[in-house]
Amino acid sequence: MAQRVLIIEDERQLVRTLRGYLEQAGFEVLSAYDGRTGYVLARREKPDVIILDLMLPEMDGLDVCRALRRDPDPLVADVPIIMLTARVEETDRVLGLELGADDYVTKPFSPRELVARVRALLRRLQPVGSGRAHSGGHLRAGPLVLDPVRREVELDGRRVDLTATEFEILHLLMRHPGRPFSRAEILDRVQGVVLEGYDRSVDVHIKNIRRKLGDNPRDPRFIQTVYGVGYKFIGDVSHGE
Ligand code: CA
């Protein structure tokens, strides 16, 4: 069955262009021209990926993102979201990432690049058994347990809700405890696509992970900032079955 992409974007010409590229790449495409319709469609159709414009009539992209991430249905709450932004201000992109978008693309962009991003996002979300080699059993670091098969994280026995990207970053760091990763390397390993100037997004994802794990950057239990380099996981990680 074809994977489905929902485009929520009010520039109809851009929707037509993207639809053409995505369909040619084998995706089924749904579209909405305003935020509210897009939100309703996302909840009803449960697409595999959402391409979400920031500036939208009815309900803006940030509100749509926030509402989806709070949805009680995990298929809706965990949907990968790529945000489109025409704004040059970094604050909006950062806000989008803080609200749980997985990635963003700044307009103008090449449709090919966007299709590559969609593919990269879906590739890293493929369920185990469909070809991903490295996923194994649980990773445990004290009260923190990461289950790569169910893609769940628990802290002190309580489920921690991470976005797909946050999960991948934590998974990467936990697989290599003590090893520092640069921001560019984290992006490369986690997103499969590296573009210049996107390093800042790693900081936002790390900030979100720390907040959700209650990890104080000044006195970390889990993720330590390595000055001039990036981040590393501290503490012993044991492997369960
Ligand atoms: Ca727009």
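The values are calculated or read from the model by the stated rules, or taken from the named source; none is laboratory data. For clarity, every value in this text was computed on a predicted model and none was experimentally measured. Cβ: placed from backbone, ideal geometry, glycine included. Neighbour counts: every protein chain shown.
Computed values, structure above
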{"read-out": "Residue in the range 47-65 that is modelled with pLDDT under 85, more than 16 Å from the ligand (Cβ to nearest atom) and not in a helix (DSSP H, G or I) present", "value": "no"}
{"read-out": "Test: residue in the range 179-199 that is surrounded by 15 or more Cβ atoms within 10 Å (Cβ to Cβ) and at pLDDT 90 or above", "value": "no"}
{"read-out": "Qualifying residue in the range 72-83 (condition: crowded, with 23+ Cβ neighbours inside 10 Å, free of Cβ contacts under 8 Å to residues at least 40 places away in the same chain, more than 16 Å from the ligand (Cβ to nearest atom) and among the β-branched types (V, I, T))", "value": "yes"}
